[in-house]
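So the structure is just underneath, and the comments pick up after that.
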Amino acid sequence: YFILAVIYLFDKYLLKGSIPNPKVFSFYVGALGCLSFILIPFVGFYVPGIKQVILSLLAGGSFIYGLLWFYKGLRLFEASRIAPAIGGLSPLFSFGLIYLFSSGQATLSFSQSLAFILLVCGSVFITFKKDKKPHSLFLKSGRVFKFSALVAFLFSLSFVLTKYVYLGQPFWNGFIWTRIGGILAAVVFFLFVPEIKREIFKKKVSFKKKT
């Protein structure tokens, strides 16, 4: 959580300055997955069955699309509000997806169910911020919660699919294949979102030494 908090703050800084467009930022993150190809000669990389390939690509792709909405939310709202809300909602969506994929075999005890309820309540409450106008308060909090819920769902989908990937493949092979899914998501961004092309070719992204 400490490492994630540092990452969120860096993301916030970059989105406010050097890379203000969340779509472009997500494209770069997905495209940088190609660095994982360096591992291919050293980890016994192979092409798994079609089911595993599909799971891997979906896992990587859903994570990049989750990042897109996370970056949008991070740019609009405080990191201290949206990040904990996502963390609280992700277990709920993760369990729901596992319950669905396991055909109802996954169950929770009473104490675990209570913990889930508290997580959801905490996720809702943390999105609230004091405001002089009550209507504005609920409107802003509702937007934060909607962003958090969408991001939490996409991240949870990626996490659950990645779990099934690692159940069927060795770690490094699954890792590379999920990165390929992220790269394909970035390619889709590049091909079908004109503003990404404009931003990338308009000017070279430069960073100050401080950045």
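The values are calculated or read from the model by the stated rules, or taken from the named source; none is laboratory data. Keep in mind that what you see is a predicted model, and the values were worked out from it rather than measured. Virtual Cβ from ideal backbone geometry, glycine too; neighbours counted across all protein chains shown. SASA here: full protein model, heavy atoms, side chains in, ligands and nucleic acids out. Shrake-Rupley method; radii C 1.70, N 1.55, O 1.52, S 1.80 Å.
Is there any pair linking a residue in the stretch 160-187 that is free of Cβ contacts under 8 Å to residues at least 60 places away in the same chain to one that is open to solvent by less than 10 Å² (accessible area, probe 1.4 Å) and part of a helix (DSSP H, G or I), with Cβ under 7 Å and at least six apart or on different chains, and which?
From the stretch 160-187, the pairs are Tyr166/Gly174.
So is Phe190 of a type outside the set (Ser, Thr, Tyr), touching a helix residue (DSSP H, G or I) at 6+ places or on another chain (Cβ under 6 Å) and more than 14 Å from Leu58 (Cβ to Cβ) or not?
So Phe190 fits the description; yes.
Is it the case, given these coordinates, that Lys72 is surrounded by fewer than 21 Cβ atoms within 10 Å (Cβ to Cβ), within 27 Å of Phe125 (Cα to Cα) and under 16 Å from the mean Cα position of the chain (by Cα)?
Considered against the rule, which asks whether it is surrounded by fewer than 21 Cβ atoms within 10 Å (Cβ to Cβ), within 27 Å of Phe125 (Cα to Cα) and under 16 Å from the mean Cα position of the chain (by Cα), Lys72 comes out as yes.
Under the condition of being modelled with pLDDT of 85 or more and open to solvent by 90 Å² or more (accessible area, probe 1.4 Å), which residue from the stretch 14-45 is nearest to Ser90 (Cα to Cα)?
Among those residues, the one meeting the criterion is Leu32.
Give all pairs with beta carbons closer than 7 Å in which a residue from the stretch 88-117 that is over 18 Å from Leu150 (Cα atoms) meets a residue that is open to solvent by less than 50 Å² (accessible area, probe 1.4 Å) and at pLDDT 85 or above; count only pairs at least 6 apart in sequence or on separate chains.
Matching pairs, first to second residue: Phe101/Val160.
Looking at the stretch 1-51, which of its residues are among the hydrophobic types (A, V, I, L, M, F, W, C), touching a residue at least 60 places away in the same chain (Cβ under 8 Å) and outside any helix (DSSP H, G or I)?
Ile19, Val43, Phe45, listed by residue number.
Only residues that are among the β-branched types (Val, Ile, Thr), modelled with pLDDT under 80 and open to solvent by 70 Å² or more (accessible area, probe 1.4 Å): list them for the stretch 100-127, please.
Thr107
Where residues in the stretch 85-99 are among the aliphatic types (A, V, I, L, M) and open to solvent by 60 Å² or more (accessible area, probe 1.4 Å), which of them is modelled with the highest pLDDT?
Out of the qualifying residues, it is Ile98.
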